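Input: a single structure, listed below in structure tokens.
The values are calculated or read from the model by the stated rules, or taken from the named source; none is laboratory data. Nothing here was measured: the structure is a model prediction, and the numbers come from that model. Note that we place each Cβ from the backbone using ideal geometry, even for glycine, and neighbour counts take in every protein chain shown.
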Amino acid sequence: MARPPRAVFVTLLATALCLGLAGGARAVPGSARSAPPVLAPATAEGAAPTSLGVQKALAGILADPALGKHRGVYVYDVAREKVAYATGASTPYTPASTLKLLTTVSALATLGPEHRFSTKVVSAGKGSIVLVGGGDPLLTIKSSAREDYPTRATLQALAVSTAKALKAAGVTSVTLGYDASLFTGPAGNARWESNYLPEGIAARTSALWVDEGRIARGMAKRSESPAQAAAGWFAKLLIGNGIDVTGAPKPKSAPAGAEALARVASPTVGQIVEYVNLHSDNDGAEVLLRHVGLATKSGGSYTGGAKGVEETLTKLGLDVGKSSIYDGSGLTRTNKVTLDVLAGAVRVAASKDHPELRHLLTGLPVAGFTGSLEDRFGSGGAGPGTGLVRAKTGTLTGVHSLAGMVRTRSGTLLAFAVASDSVPVPKTLDARAALDRAAAALANCGC
């Protein structure tokens, strides 16, 4: 989705403040002198928050009965590398979509932020070609009039290049196969609710799909065979570019070592991570989970991916001993994660030791402006967090969580996670508002 100018400004400004990069204005190109500073430089650490100070700032909010009985918060002082305050954090929580922080930080760590996924076409003999899926979660049929960020690879571009290569070789008629064997295991997670796939809440995960398996872009309903649907679209695009396609596309293994006739590359992993966290994209997260499984040699299934995420988090220094991870999106309620691990993903991404993980931070929604926080922090005591809190949301029935980062009034960068998985259903909006107030209290805290 195109970013409104004000949202873009606040996104960049909040990132600079949170990472301590804001300073005096630089000289404007072509200008004879520097513009006056808009903001004073952010200090490296700021005044040290005290456990008592943070406790006082949060006590009244965490006592809100709307949060139910199992509620907690974990706050970490990033600059000083120590816990600032924690309560109710000793037992794991159902994280809902805040689990995406763990999936995406693992993707950045194992694949690297500049890695791209390729969708290609290879020759399978005279007059035979195979469309091979490379696990691009954002592959689409063709560019839309209002282009999303990031710019997506398209089947249309792949068809144009393929037709050109075939014609150059004197080929104008082909049979088309498709290969989605990069990922293995069931396409749906056995721990998801039974209505998730039929109702389009989640897609059947595939290494080859367009528009995340949707029947039509923007619609909820998904194809029961995303790879076959993608191949069907590709056949139509080839025909439109002067290549006759004989028969219907069929599953076919690409010959080992076959050279690509044409290929298109996805956005970078860093850009995909930003998209997944900004929009809380369940399907993109599930694709990244399987890539983590492959990168860690745990396999391209969702179980292999979950194992790979736990292994990667451990290598990053996070203790997952009390946590259980079963998917990449947080859709299953059987996921259980401690708050220090959720905040820990943000902590390591902000560390000077891990610049390769920064896209986790830059993709976090900005309170009151972007993504899943666009319509939050507007009232009820949460106003001080507007534009300053950057956090991933998590929501299931009875479950609400928020994990991200904020710089306090005194200049300290905090990573935090606050959650409840025992919210009475009638108190859903009240509980969500309480979490917003807690994050805003940290932003407004002298501590």
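Points worth noting:
- All positions within the range 388-413 that are within 30 Å of A47 (Cβ to Cβ) and assigned to a loop (DSSP other than H, G, I, E, B): L388, V389, T408, R409, S410, G411, T412
- Screening the candidates G317, G247 for the property of being more than 25 Å from T395 (Cα to Cα), in a loop (DSSP other than H, G, I, E, B) and either touching a Gly at 6+ places or on another chain (Cβ under 6 Å) or not assigned by TED's automatic domain parsing to the domain that holds T412 (or both) yields one hit, G247.
- Residues of the range 414-442 that are closer than 23 Å to K100 by Cα, outside any strand (DSSP E or B) and small (G, A, S): S422, A431, A433, A434, A438, A439, A440.
- Any chance Y149 is modelled with pLDDT of 95 or more and of a type in the set (F, W, Y): no
- When residues of the range 365-387 are limited to those that are assigned to a helix (DSSP H, G or I) and out of contact with any Leu (no Cβ under 9 Å at 6 or more places or on another chain), the one nearest to A441 (Cα to Cα): P384
- Cβ separations smaller than 6 Å between residues 6+ apart or across chains give no pair from the range 105-117 residues that are outside the structural domain of V341 (by TED's automatic domain parsing) to residues that are modelled with pLDDT under 95.
- Restricting the range 214-250 to residues that are of a type in the set (D, E, K, R) and under 23 Å from K164 (Cα atoms), the residue that is surrounded by the most Cβ atoms within 10 Å (Cβ to Cβ): K236
- Residue check, A349 assigned to a helix (DSSP H, G or I) and under 19 Å from P113 (Cβ atoms): yes
- Looking only at the range 250-270, residues that are touching a Leu at 6+ places or on another chain (Cβ under 9 Å) and not in a loop (DSSP other than H, G, I, E, B) come to 7 in all.
- Scan of the range 204-232 for residues that are touching a strand residue (DSSP E or B) at 6+ places or on another chain (Cβ under 8 Å) and closer than 20 Å to G299 by Cα, ordered by number: R204, L208, A227
- Figure legend. Inter-residue proximity from the range 379-399: first residues over 15 Å from S420 (Cβ atoms), second residues assigned to a helix (DSSP H, G or I) and among the basic types (K, R), beta-carbon distance below 9 Å, spacing 6+ or different chains. Indicated pairs: G380/R437; G381/R437; A382/R437; G385/R437; K392/K100.
- Condition met for A306 (over 17 Å from K120 (Cβ atoms), in a helix (DSSP H, G or I), more than 14 Å from the chain's Cα centre (by Cα) and of a type outside the set (D, E, K, R)): yes
- Test for A382: is it at pLDDT 95 or above, of a type in the set (A, V, I, L, M) and at negative phi: no
- Cβ pairs under 9 Å, 6+ apart, first in the range 71-85 and assigned to a strand (DSSP E or B), second acidic (D, E): R71/D64; R71/D421; Y74/D340; Y76/D340; D77/E45; V83/D77; V83/D340; A84/D77
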